Amino acid sequence: MKCTGCGCTETNACPGGCWWVKPGLCSTCWEAQCQHLAAAAVEFARATDNERHKRSLCGRECSIEVSPDFLLVRDHLSLPIFRVDARGISLMPHYDAAELMPLFEGAA
């Protein structure tokens, strides 16, 4: 298996080591995607008031809740999939950070 982000493999890992988040995505690239996603989410939160937004993700409606203390994205079943707060980033493992980026493009 080879990472589509950096090209590391099972026999040639990233400096400092990495693990497979999912086929084709290593933990180093996943962490970089999460940081990029968090920055986009924070920018989105700055550009909007405390409110809820409806957006489409993979053809299904999801919600983005913005408050002074956190930003929370819930899927179409209202299950949390992504959160940014003072403690950092929480991303449910079945989602890829890159897949969530369209939610924050064209903020507000």
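Here are a few things to note about the model shown:
- At an R0 of 41 angstrom, the distance between the Cβ atoms of residue 11 and residue 87 translates into a FRET efficiency of 0.70.
- Between segment 69-99 and segment 37-52, the Cα center-to-center distance that results, in Å: 13
- In a reduced charge model with +1 at each Lys and Arg Cβ and -1 at each Asp and Glu Cβ, segment 20-104 shows a dipole moment near 140 debye about its Cα centre.
- Average projected area [Cα convex hull, the chain], square nanometres: 7.2
- GNM on the chain, alpha-carbon springs under 10 angstrom: the most fluctuating residue among 48, 28, 11 is 11.
- Principal-axis tilt of helix 27-47 within the chain, Cα atoms, nearest 10 degrees: 20
- Helical runs (DSSP H, four residues minimum) scored at -39500 (n - 2.57) apiece and divided by the length of the chain put the mean residue ellipticity at 222 nm at -7500 deg cm²/dmol.
- The loop-placed GluC sites (Glu not before Pro) in segment 63-108, going by DSSP, that have at most 15 neighbouring Cβ atoms within 10 Å of their Cβ come out as 105.
- Relative contact order [Cα under 8 Å, 6+ residues apart], the chain, whole percent: 21
Only the coordinates and a few stated rules stand behind these numbers; no lab work does. Since this is a predicted model, take the numbers as computed values, not measurements. We place every Cβ from the backbone using ideal geometry, glycine too, and count neighbours over all the protein chains shown.
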